[in-house]
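This report refers to the structure that appears directly beneath it.
The values are calculated or read from the model by the stated rules, or taken from the named source; none is laboratory data. On a predicted model such as this, the values are computed, not experimentally measured, just so you know. Backbone-built Cβ (ideal geometry, glycine too); neighbour counts: all protein chains shown. The accessibility values were calculated without ligands, DNA or RNA, using every heavy atom of the protein model including side chains. Shrake-Rupley method; radii C 1.70, N 1.55, O 1.52, S 1.80 Å.
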Amino acid sequence: MYCDLHTHLDMYDDINPIVREINDNAILTLASSIDIPSYESSLHIAKESPLIIPTFGIHPSKAYSYESKLEDLDGFIYQSPLIGEIGLDYLWVNPLNKNVQIKVFKYIAQKATEMDKFIVVHTKDAEVDVLNILDEIKSDKVIIHWYSGPIDIYKEYISRGWYFTFGVELEYSAHIRTLANITPKDRLLAETDNPVGIEWLSGKIGMPSDIFEVYN
């Protein structure tokens, strides 16, 4: 069985052929969320296949919507088998809301750590802050999603015993391949970030079977 550790199934216009491809190819698929509505959509989609695991998270781009109602997230954190996608993004997200991002990320990561759950973490241009926050709250069940930052910080992540997802950018980036090659093989995981991962790189909409090429 193949496993795709990071997708956004709620972003497809037509989910039916996607579910069929997941089922036909036996692809265990984690459906990540960026906010409450996307998680609720993933819960609905997951009813169509036992291979789809919906997971709750607040993406850094959505942090501003939840800053003042963090306790409302507790039930979703408790319900979700693991947490994702959470984290920080100082590259694509308005840098003026760094403090808001940190507040929401730290709250969810702390709750998940207390509940002994894995967290899937976004780190774009915020690699050091992510490291410091997770060290502070003593998170050890960490999966770093699509890391593309400095090698020296990545080695710090490796030293913490964390896991790492690699995806479709392996075909396009020598830096990503270098990171994959220094990652302990027992902590190396595969993802597509469908449907937007390959679309961002090549313009085509990602499909579940793209995970085969990631493994290759």
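Quick notes on this structure:
- The order of 164, 118 by accessible area, most exposed first and with a 1.4 Å probe, is 118, 164.
- Residue 68 contributes about 110 Å² of solvent-accessible surface, heavy atoms of the protein only, 1.4 Å probe.
- Of the labelled figures (i) 48, 39, 34; (ii) 68, 44, 33; (iii) 43, 39, 31, only one reflects Cα extents along the principal axes in Å as derived from the coordinates, namely (iii).
- Simple point charges give the picture: +1 on the Cβ of Lys and Arg, -1 on the Cβ of Asp and Glu, and for the chain a dipole about the Cα centre of about 440 debye.
- In order along region 68-81, the Karplus-derived 3J(HN,Hα) couplings, from 6.51 cos²θ - 1.76 cosθ + 1.60 at θ = phi - 60°, round to 9, 9, 5, 5, 5, 7, 4, x, 5, 4, 5, 5, 6, x Hz, and Gly and Pro are given as x.
- Exposed-site-free run, longest, the chain (rule: trypsin sites (Lys or Arg not before Pro); DSSP loop; at most 12 other C-beta within 10 Å): 70-137
- Rolling a 1.4 Å probe across all protein chains gives residue 183 an accessible area of roughly 0 Å².
- Structure-based [θ]222 nm, the chain - -39500 (n - 2.57) summed over DSSP H runs of at least 4, per residue, nearest 500: -11000 deg cm²/dmol
- The residue list 133, 87, 66 was ranked by how far each Cα lies along the charge dipole of region 57-154 toward its positive end, using unit charges on Cβ atoms, and 66 comes out on top.
- Per atom type, region 1-135 shows carbon and sulfur on 51% of its accessible surface, probed at 1.4 Å.
- For region 116-185, the solvent-accessible area with a 1.4 angstrom probe is 43 square angstrom per residue.
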